[in-house]
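Just so it is clear, none of the values below were taken in a lab; they were calculated from the coordinates. Not measured: the values here are computed from a predicted model. Note that we place each Cβ from the backbone using ideal geometry, even for glycine, and neighbour counts take in every protein chain shown.
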Amino acid sequence: MQEFTEPDQMDEAAPQAPSRRAADWFWRPWYAKVTWALTLLYWIGLEGMLAVPFDRLNIYLVNTMVLLIFVFNPISVVAVLGYGFLKAKVACGEWIITPGPPPERPIIDPYTDPFDSRSGDIHLRHIGVIQD
């Protein structure tokens with residue numbers, strides 16, 4: 001009969017598979033908590049800046065806050081924190097990265113191409129025979 005061990009008695013040196021749950025990547029790590037806390041503080045500070053008259057604010061502070069909109073945008077934060085989540089999904093085989101189709105040369109209709117003589121008046125206008 002097989003004997004089961006408690007999780008705290010398991011060998012700590014055994015490698016564990018990365019978690020496939022989104023919450024384990026977006027909320028649990030310390031850097032995720034710090035990032036979300038800084039994002040919240042930034043947006044609260046930005047809203048507070050709107051309550052202060054503009055002539056009293058330092059123009060450098062305003063410019064810095066405006067540039068940081070791109071850094072602390074929630075979509076940007078999700079994109080940065082989601083990188084590990086995507087790697088875990090690919091590592092476990094749940095998602096597969098496949099190459100796209102090879103790039104094709106765009107097919108240009110010869111009857112609408114001004115450089116092709118088969119386009120008739122379009123070609124004649126292009127080379128200057130017909131003036132509008």
For residue 37, which of the numbered conditions (1) more than 30 Å from residue 22 (Cα to Cα); (2) under 22 Å from the mean Cα position of the chain (by Cα) fails to hold? (1)
For residue 63, the lone unmet condition from (1) out of contact with any Ser or Thr (no Cβ under 7 Å at 6 or more places or on another chain); (2) assigned to a loop (DSSP other than H, G, I, E, B); (3) free of Cβ contacts under 8 Å to residues at least 40 places away in the same chain is (2)
Out of 113, 109, I need the residue that is in a loop (DSSP other than H, G, I, E, B), without any contact (Cβ under 8 Å) to a residue 24 or more places away in the chain and surrounded by 10 or more Cβ atoms within 10 Å (Cβ to Cβ). Which one? 113
Among all residue pairs at least 6 apart or on different chains, which show Cβ distances below 7 Å where the first residue, located in region 86-105, is assigned to a loop (DSSP other than H, G, I, E, B) and the second is surrounded by fewer than 10 Cβ atoms within 10 Å (Cβ to Cβ)? 92/17
Qualifying residue in region 61-70 (condition: surrounded by 13 or more Cβ atoms within 10 Å (Cβ to Cβ) and under 20 Å from the mean Cα position of the chain (by Cα)): yes
